[in-house]
Amino acid sequence: MPQIDQLSETLTSQVFWLLVFFGLTFVVVGLGMVPKILGTVEMRDNQIAGDLAAAQAARDAATAEEEAWRTRENANRAAAQALIGEAKAKAAAATAAKLAKAQGKLDTQLAEAEAAIEAARSSAMAEVEGVAADVARDIVARVAGADIKPATAKAAVKKVMAHG
Amino acid sequence: MKQFTIEPLLGSDWQLGDGINIAFTNSALWMAITAVLVWVFVAGGMKRQLVPGRWQMAVETMTGFIDDLLEANVGKAGRKYVPYIFTLFMFILFGNLLGLVPVGLIPGIHAFTFTSHFTATGVLAIMSFSIVLIVGFWKHGFHFFSLFWPANTPVFLAAPISLIELVSFMVRPFSLALRLFVAMMAGHVLLKVLASFVIAGGGAGLGLGVLVGLPSFVLMVAISALEILVAGIQAYVFALLTSLYINDAENLH
C-alpha cells in the first residue's frame with residue numbers, strides 16, 4: 001500500500017502542497033467569490049420579495065379603488081332611482097289630474113245630453129198628448145157626435161195616459 | 001496499487017528549511033488541477049446576473065446547498081463558515097470525481113486521486129478539527145470542556161461519560177480522515193480488481209472471457225456509477241460532519 005510505504009518520504013510534500021492549493025482555493029474561491037455569489041442570490045431574493053410586495057400593494061390599491069367605485073356607483077344608482085321615482089310620481093299625478101278633468105267634461109256632456117234627451121222626450125210626449133187629444137176629440141165627434149172642448153179632451157187623455 | 005503511488009514530477013530535491021522535502025508530485029499536480037477546476041467552475045457563475053444562466057444557476061445551487069447545510073446545522077452563526085465549508089466540499093468533490101475520469105486512456109497519463117491518501121485527507125480533517133477547537137475555546141474559554149459533560153448527566157456518571165465523550169471527540173479527526181480515504185481507496189481497488197478479472201478472463205480464451213470477463217465488465221460499469229455517487233456522498237459527509245462539529249463549538253449546550 002503506497003499510502004503507508006511512501007509515508008515518510010511524501011508526508012511533507014503532501015501536506016505542503018495540499019495546504020498551498022487548498023489555501024489558494026479557500027482565499028480565491030471561498031473568500032473572494034462565494035460571498036459575492038451569495039450576495040447575488042440575496043439581492044435577487046430581495047428583489048423578488050420587493051416586487052411581490054409591490055404587486056401586493058398595487059393589488060390592494062386596486063381593490064380599494066374598486067370598492068370606492070362600487071360605493072360611488074351604488075350612490076349614483078340610488079340617486080337615479082330616486083329621480084325616476086319622482087318623475088314617475090309626477091307623471092302619475094299629472095295623468096290623474098288630466099283624467100279627472102276629462103271625466104268631468106264627459107260627465108257634464110253626458111248630463112247635457114241626458115237633459116236634451118229628457119227635454120226632447122217631454123216635448124215629444126206633449127206633442128203625443130196634443131195629437132191624442134185631437135184624435136180623441138175627432139173620435140168623440142164622429143162616434144158620439146158631441147163636440148167637446150179641446151181642454152176636456154186634453155184632460156181626459158192626460159188622465160188615461162197617467163193610468164196607462 | 002500503482003495508481004496510489006506518489007511520484008515526484010518536479011524538484012525532487014526541493015526543500016523547505018532543513019530536510020523538509022516538498023517535491024512537486026503527481027499528487028500535487030492533481031490537487032492543482034482540482035483547485036483550478038473549482039476556480040473555473042465558480043468563476044463561471046460570477047456573472048452576477050439577476051436572471052441566472054445555467055452555469056450561474058449551477059454555482060448558486062452549490063453555494064446555496066452549503067449555505068442551507070450550515071443554516072440547518074449551525075443556525076445564523078453558521079453563515080461565516082460558508083467559504084470554508086464550500087471550499088472543503090468542492091475541493092473534495094472535484095478531487096474524488098477527477099480520480100474517476102478515465103484519463104488513463106491517453107497513453108502516458110495516469111489519473112491520481114489525492115483523496116485516497118490519508119496524508120491529504122488527514123490535513124483536511126485536522127484543519128476542520130482545528131477550527132472546531134479554536135472556535136470552541138475562543139467563544140467559550142475553558143467552559144468548552146463542558147462539551148464532555150452532556151446536559152442532565154448524573155454526577156456519579158460524570159467520570160465515565162466525560163471519558164467516553166473525550167475519546168469520541170478526539171477520534172473525530174481520525175474518523176473524518178479515514179472515512180474519506182477508505183471510501184476512495186476501496187472503490188478504486190475494487191475497480192482495479194474487477195479490471196484485472198476482465199483482462200485475465202479475456203486473455204484466457206473465449207470460454208472464460210464470456211464466463212468471467214463479461215460479467216466483471218458489466219459489474220465494473222455499475223460500480224463506476226456507484227463510485228460517482230460515493231464521490232459526491234463522501235464530499236457531502238465530510239462537509240456535513242465538519243458543520244456538525246462546528247455546531248458543537250458554536251452552540252455549546
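The values are calculated or read from the model by the stated rules, or taken from the named source; none is laboratory data. All figures in this text were calculated on a predicted structure; none of them were measured in a lab. In this analysis, Cβ positions are derived from the backbone assuming ideal geometry, glycine residues included, and neighbour counts consider all displayed protein chains. For the accessible areas, the whole protein counts, side chains as well, though only heavy atoms, and no ligand, DNA or RNA atoms are used. Shrake-Rupley method; radii C 1.70, N 1.55, O 1.52, S 1.80 Å.
Of the residues examined, B:ALA249 is not one that is more than 23 Å from B:ASP68 (Cα to Cα) and out of contact with any strand residue (DSSP E or B) (no Cβ under 9 Å at 6 or more places or on another chain). Filtering the range B:28-60 down to residues that are among the charged types (D, E, K, R) and outside any loop (DSSP other than H, G, I, E, B), which residue is most open to solvent (accessible area, probe 1.4 Å)? Filtering first and then ranking leaves B:ARG54.
Being more than 27 Å from B:LYS192 (Cα to Cα), at pLDDT below 90 and not β-branched (Val, Ile, Thr) is a property that does not hold for B:PRO107.
Per the conditions (1) farther than 30 Å from B:GLN49 by Cα; (2) open to solvent by 50 Å² or more (accessible area, probe 1.4 Å); (3) out of contact with any helix residue (DSSP H, G or I) (no Cβ under 8 Å at 6 or more places or on another chain), the sole criterion not satisfied by A:GLY85 is (2). For the range B:90-104, residues that are farther than 18 Å from B:LEU37 by Cα and either at pLDDT 95 or above or in contact with a Ser or Thr (Cβ under 8 Å, 6 or more places away or on another chain) (or both) total 0. So is B:THR63 under 20 Å from B:PHE181 (Cβ atoms), open to solvent by less than 20 Å² (accessible area, probe 1.4 Å), among the polar types (S, T, N, Q) and part of a helix (DSSP H, G or I) or not? Answer is no for this residue.
Of the residues B:SER162, B:SER168, the single one that is assigned to a helix (DSSP H, G or I), buried (at least 16 other Cβ atoms within 10 Å of the Cβ), over 14 Å from the mean Cα position of the chain (by Cα) and of a type in the set (Ser, Thr, Tyr) is B:SER162. Only a single criterion out of (1) of a type outside the set (Gly, Ala, Ser); (2) assigned to a loop (DSSP other than H, G, I, E, B); (3) closer than 20 Å to B:VAL101 by Cβ is not satisfied by B:HIS253, namely (3). Among the conditions (1) within 14 Å of chain A (Cβ to nearest Cβ); (2) part of a helix (DSSP H, G or I); (3) in contact with a helix residue (DSSP H, G or I) (Cβ under 7 Å, 6 or more places away or on another chain); (4) not hydroxyl-bearing (Ser, Thr, Tyr), B:VAL132 misses just one, which is (1).
Determine if the range B:136-152 includes at least one residue that is within 13 Å of chain A (Cβ to nearest Cβ) and open to solvent by 70 Å² or more (accessible area, probe 1.4 Å). No, because not a single residue in the range B:136-152 is within 13 Å of chain A (Cβ to nearest Cβ) and open to solvent by 70 Å² or more (accessible area, probe 1.4 Å).
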